[in-house]
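The values are calculated or read from the model by the stated rules, or taken from the named source; none is laboratory data. Since the model is a prediction, treat every value here as computed from it, not as a measurement. Methodologically, a virtual Cβ is constructed for each residue, glycine included, from the backbone with ideal geometry; neighbour enumeration extends over all protein chains shown.
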Amino acid sequence: MIHLLSMLMLLVFPAMVILAALKDVASYTIPNWIPLTLIAAFPLAALAVGLPLPAMGTAALAGVIALFAGMAMFAARWIGGGDAKLFAAAALWLGLPAATSYIFFTCLAGGLLAGLLLAMRSARMRPVLAAGPGWLAKLSEPGGAVPYGVAIAVGALAAFPLSPLAATH
C-alpha cells in the first residue's frame, strides 16, 4: 500500500507538466494552479518516497535558483510568466542532481520547438494549418508567441529519472 501511494504521488509530476504543455499550446497560458499543485505536492511526494531532509533542502534550493533564473528570463521577455513559474516548480521536483540535464533537455527541446514553429509559420504551411483547429491556426500565425511550456515539460520529463525522487524507486 505504501509503495502504491508513493508511486501515485510521483505521477503528479508528469501529469502536471504534460498538462501545462497542453494548456500552453492551446492557449499560450499556463494556469497558476499547475505550478502551485507541483509545489504543494512535492513535500508529500518526498515524504511518501522517503527522501532525506538534506535532499529536500537541495531540491528547494534548485527551485529557488530556477525561480530567479525564470524571473530573469521573463524580465528579458524570453519566456512568459507561466513558463517561469513552471520552470521553477519543475526544478523543485528535479533537484540539483538533475539540474544540468533539465537545462540541457529544455534548451534542446526549445530549439526544436522554435524550428518547428518557424516551419509552421512559413508561407507554404500557414494556409494548410489555418484550416485546422483554432489552436493550430493560432500556432501558425507569423510573429506569434512560443509556447515554451512545451520545451520545459520535455526537459523536465527527460530529466526526471535523474532526480532524487525517481532514484528512490
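A single entry from Leu94, Leu51, Leu61 fulfils the requirement of being more than 28 Å from Val146 (Cβ to Cβ) and either among the acidic types (Asp, Glu) or buried (at least 20 other Cβ atoms within 10 Å of the Cβ) (or both): Leu51. Screening Leu118 against (1) in contact with a helix residue (DSSP H, G or I) (Cβ under 6 Å, 6 or more places away or on another chain); (2) under 22 Å from Gly155 (Cα atoms) leaves a single unmet condition, (1). Those helices (runs of 4 or more DSSP H) of the stretch 91-169 in which at least 3 residues are modelled with pLDDT of 95 or more and within 23 Å of Ser27 (Cβ to Cβ), considering only elements entirely within it, cover 99-120, 149-159. In the stretch 30-51, of all residues being at pLDDT below 95 and assigned to a loop (DSSP other than H, G, I, E, B), the one that is farthest from Leu165 (Cα to Cα) corresponds to Gly50.
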